[in-house]
Amino acid sequence: MRIKHTAPLAALATVCLLTPPAASLSAQTAPAEKSFGEQVEVNVVNVEVYATDADGRPVNGLQRGDFTLLEDGKPMQIVNFEAVDRTEAAPAAPAATEPAGATPAAAPADVAAVADDRLHLVVFIDNTHVAAAHRTRVLRQLRDFLTRLTAGDEVMIATYDPGLHVRLPFTADREALGRAVDAMERIAADGGAETRARRGALQHVLDIQERAALASAKQGAREDTLSGRAELRGGSTDEAEAPSEADTLCPPEIAEPVKAYAGEARQEILRSITGLTVLVNSLSGLPGRKALLHVSDGLSVTPGEELFQALAEICGGGGTASGVPSADAQTLGVRTYRASQAMLDAQSYGTAKQWNDLAAHASAQRVTLYTLQATGLEAGASAAADMGPEDRLLQAASVASVEKENRRGSLNALASGTGGRAIFDANDLARDIAHIKDDFAHYYSLGYTPPHSGDGRAHNIVIKVQSPGVRVRHRQVYRDKPPLERVVDRTLAALFLGTGDNPLGVTLQLGETAPGSAGSTSSIIPIRVLIPLNNIGLTLHGESYDGKLRIFVATQSAGGGNSAVRQMEVPLHIPMQNSQATMMQSYLYEVKLQLPPGEHRVAIGVRDDITTLVSYLTQKVQVGGGAAK
C-alpha cells in the first residue's frame, strides 16, 4: 500500500457540502466542551492467574489476601479481585470474603468491579511448519472442544502458509466453526519441505566429503608410488611430493550447504514470527480475554543446528558409525573445517531473542499462548538395511536430540512467557484439552492501578501465592501503551478481524479509480472518509472553532500481505461566521491508495483528539476488471 500525499489530496481534505443532519450549533459544541474538560480515564491492569496443584488441577477457594502482586518489584494494591468459575450457570460474583483481620483498602469508585471475562480464542495453524497428516490428527481431536466452548466465547481460525490468512473470522456459530475446521484438511500443508531441504543439504555435505575422501585416497596412492620410486633410485623419500591440503577430508567448503540451509530456514522462521506478531497486535485491540492456540510441528530456535552437529560428528572423528568418511580435522591441515567451528557457526543463526521478544510482546498485549506440537509421540526409527548414511547420521543420538530440543524451545518460550501451556508427545490430546478447558473455566482475575499512564514502557509482573503446594501461571509483562498506539492496534483489529465501533458516525465511499504509475498494473483507489462535524469536538480560539483529527489507514491483500498502519494529522479550523450552518455538514478527507489487481481489505481509524473518541471501519476493494468496487 502507498498513501499518496499529493496536492490534490490536500485540496480534497476540506469541508464538503453534503446533506446536513438536523442539529444545532449549541447541541454540537456542548458535548465536546464537557468531554474535553471532564473526561477521566482510569487505567486498570487486569491479570488472569491460573492456580494449579502439582498434578495440574485447578485450585479453588483462594482469596484476595492469598495473592501478592508486584510490578517491577514493587507491591501493588489489588483493587479488583474475582474468582471465576465459568462452568456455573451464571458468572461467579467477586469474592468478598477476606482472611480474618484483613481490611482491604477500598477500590476507586470509578474502577469496574468485575473484569470482562469474554474469551476470544484464535486457532493458528502454521502450515509451513506442519505435516498434513499431523494437522489432520490434531484438528479432528480439537473439533469437539472448539464447538463446545462456553456460550458467548468466540473462535477464529487463522493460518500461515506463507502469509497470514484469516480462514474464519471470530464467530460464536458452532456449526460454522465445525465446517471451518473440516475445511482445513483441504488446505495444503508444506511441513515436509523443510525436511526435504535439510536432507538435501546433508546429502550435499556427504558428497563433498566423499569427493574429498576419494581425492585423499588418490593422493595417498600417489605418494606411496613416488616414495617407492625414490627408494629404488636410492634417493630420499623427502623427494616425494608433499600432500595437498586441498585433498584432505573436511575441506572448508563442506559447511557451505549447511550455512545456506540454515540461512533460508532462519528467514522462513522470522517470517512466521512476523505473522504471529501482526496477529497478536490485532488481538490486543479486542476487549476481554485473548488466547491463541498455536499448532505446528515445531519451529527451531537455532535453525540448522542439527546439521552443524552432524558436521561436528564428521569433522570431529565421530561419523564412522553412520558409514560417513570422517576424520579429526584438528589433526589435519590448516585449511579444514573443524568440529569446534561448527557449533560457533550454528549460533549465528539463532532466533532465541526473537522468540522471547514475541512472548514478552504477547504477554504485554494480554494474549495467552498455548502451543501444540502436532508431531505427537514419535517412536525412534529402526535402522533399516536400505537406510542411507544421511539417515543414520540424522538419527544419531547427538544429532536427533539437538533437533528435538530446538523445535520444543520456541514453543516452550511462547507458552511459559505468557502463562499458557505447551503440549508435547501427545497422540491422544484428551488430557491436555481438559487442562486447557480448566484454564478457560477456572482462574483468578486480579486488577491493579499502576502508578503511571501511557509511558510506553514494559513493566514486569510477578504474582505470588501464600498457600503451600499451589503453582501459578500468568502473563509476565505489561506494556503501558500510549493512546495513539492503542488506536493503531484497534485499526489492525478492524483490518484482520472486522471489529470496531463507530461513535463518530464516519462513512466511507469509493472514489473514481485512476491508472497507477507508468508501466505499473496498480490502480489509484480514492477512499473518501466523511465525518459529520456535529460529532467532532471543537474548541473556540479567537474567531474560529479548532479541532484535530487523526486518520489511520492499513490494507490487506487476499494473499495475506498487509501494510503498516499509516497515520495522518488533520487540523480543523472553522470560522465563527456561518459556523452553525457549517457544523451541519460533513468533513471529507480523501486517501488515495495505490493497489495491485485483486481483492483488498482496507481499515480506517478516525480519532478525534479532543473527545478521544475513535471510529473504526473496514471496506473491501476489488481492483481490476473495471472500476474499483
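The values are calculated or read from the model by the stated rules, or taken from the named source; none is laboratory data. All figures in this text were calculated on a predicted structure; none of them were measured in a lab. Note that we place each Cβ from the backbone using ideal geometry, even for glycine, and neighbour counts take in every protein chain shown.
Restricting attention to the stretch 48-87, and to residues there that are among the basic types (K, R) and assigned to a loop (DSSP other than H, G, I, E, B), which single residue is nearest to R421 (Cα to Cα)? Restricting to residues being among the basic types (K, R) and assigned to a loop (DSSP other than H, G, I, E, B), the top hit is R57. Take E175 and decide whether it is under 30 Å from A133 (Cα atoms) and at pLDDT 90 or above. Against the criterion (under 30 Å from A133 (Cα atoms) and at pLDDT 90 or above), E175 qualifies. Can you say whether A176 is without any contact (Cβ under 8 Å) to a residue 12 or more places away in the chain and either over 22 Å from the mean Cα position of the chain (by Cα) or closer than 27 Å to N562 by Cβ (or both), as far as the supplied structure shows? Answer is yes for this residue.
Do the conditions hold for L533, that is, is it modelled with pLDDT of 85 or more, under 30 Å from G454 (Cβ atoms) and in contact with a Phe, Trp or Tyr (Cβ under 6 Å, 6 or more places away or on another chain)? Answer is yes for this residue. Note on the stretch 245-283: residues that are outside any helix (DSSP H, G or I) and either modelled with pLDDT of 90 or more or of a type in the set (V, I, T) (or both) total 1. Within the stretch 546-600, being surrounded by fewer than 17 Cβ atoms within 10 Å (Cβ to Cβ), more than 16 Å from V487 (Cβ to Cβ) and under 32 Å from the mean Cα position of the chain (by Cα) holds for A558, G559, G561, P596, P597, G598, E599. In the set (1) over 19 Å from N356 (Cβ atoms); (2) surrounded by 21 or more Cβ atoms within 10 Å (Cβ to Cβ), G316 fails one condition alone, (2). In the stretch 605-629, the residues that are within 26 Å of L484 (Cα to Cα) and at pLDDT below 90 never reach a residue that is of a type outside the set (D, E, K, R) and not in a loop (DSSP other than H, G, I, E, B) with C-beta atoms less than 6 angstrom apart, at least six apart or across chains. Contact annotation: residue pairs with Cβ atoms under 8 Å, 6 or more positions apart or on different chains, pairing a residue in the stretch 514-540 that is on the phi < 0 side of the Ramachandran plot with a partner that is of a type in the set (K, R) and surrounded by fewer than 20 Cβ atoms within 10 Å (Cβ to Cβ), are I524/K4; I524/K592; I525/K592; P526/K592; I527/K592. Screening the stretch 284-302 for residues that are in contact with a Leu (Cβ under 7 Å, 6 or more places away or on another chain) and not in a loop (DSSP other than H, G, I, E, B) and picking the one that is farthest from Q347 (Cα to Cα) gives R289. Just one of the listed residues (D345, D357) is out of contact with any helix residue (DSSP H, G or I) (no Cβ under 7 Å at 6 or more places or on another chain) and either at pLDDT 90 or above or surrounded by 22 or more Cβ atoms within 10 Å (Cβ to Cβ) (or both), and it is D357.
Here's the yes/no breakdown for (1) surrounded by fewer than 23 Cβ atoms within 10 Å (Cβ to Cβ); (2) small (G, A, S); (3) closer than 24 Å to Y616 by Cα; (4) touching a Lys or Arg at 6+ places or on another chain (Cβ under 6 Å):
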| site | (1), (2), (3), (4) |
| --- | --- |
| P483 | yes, no, yes, no |
| L504 | yes, no, yes, no |
| Q509 | yes, no, yes, yes |
| G519 | yes, yes, no, no |
| S522 | yes, yes, no, no |
| P532 | yes, no, yes, no |
| L538 | no, no, yes, no |
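Taking the criterion of being under 23 Å from the mean Cα position of the chain (by Cα), free of Cβ contacts under 8 Å to residues at least 40 places away in the same chain and surrounded by fewer than 18 Cβ atoms within 10 Å (Cβ to Cβ), the residues of the stretch 144-171 that qualify are R167, T171. Can you find even one residue in the stretch 552-571 that is within 17 Å of P503 (Cα to Cα) and in contact with a strand residue (DSSP E or B) (Cβ under 9 Å, 6 or more places away or on another chain)? Within the stretch 552-571 (the criterion being within 17 Å of P503 (Cα to Cα) and in contact with a strand residue (DSSP E or B) (Cβ under 9 Å, 6 or more places away or on another chain)), the answer is yes, since at least one residue qualifies. If you go through the stretch 183-199 and keep only what is in a helix (DSSP H, G or I) and either touching a residue at least 40 places away in the same chain (Cβ under 8 Å) or of a type in the set (S, T, Y) (or both), you end up with M184, E185, G191, G192, A193, E194, T195, A197, R198, R199. Cβ-Cβ contacts under 9 Å between residues 6 or more apart (or on different chains), taken from a first residue in the stretch 114-125 that is part of a strand (DSSP E or B) to a second residue that is among the polar types (S, T, N, Q) and modelled with pLDDT under 90, are listed as L119/T150. When the strands (runs of 3 or more DSSP E) confined to the stretch 381-479 are screened for residues that are hydroxyl-bearing (S, T, Y) and buried (at least 16 other Cβ atoms within 10 Å of the Cβ), those reaching at least 3 such residues are found at 442-448.
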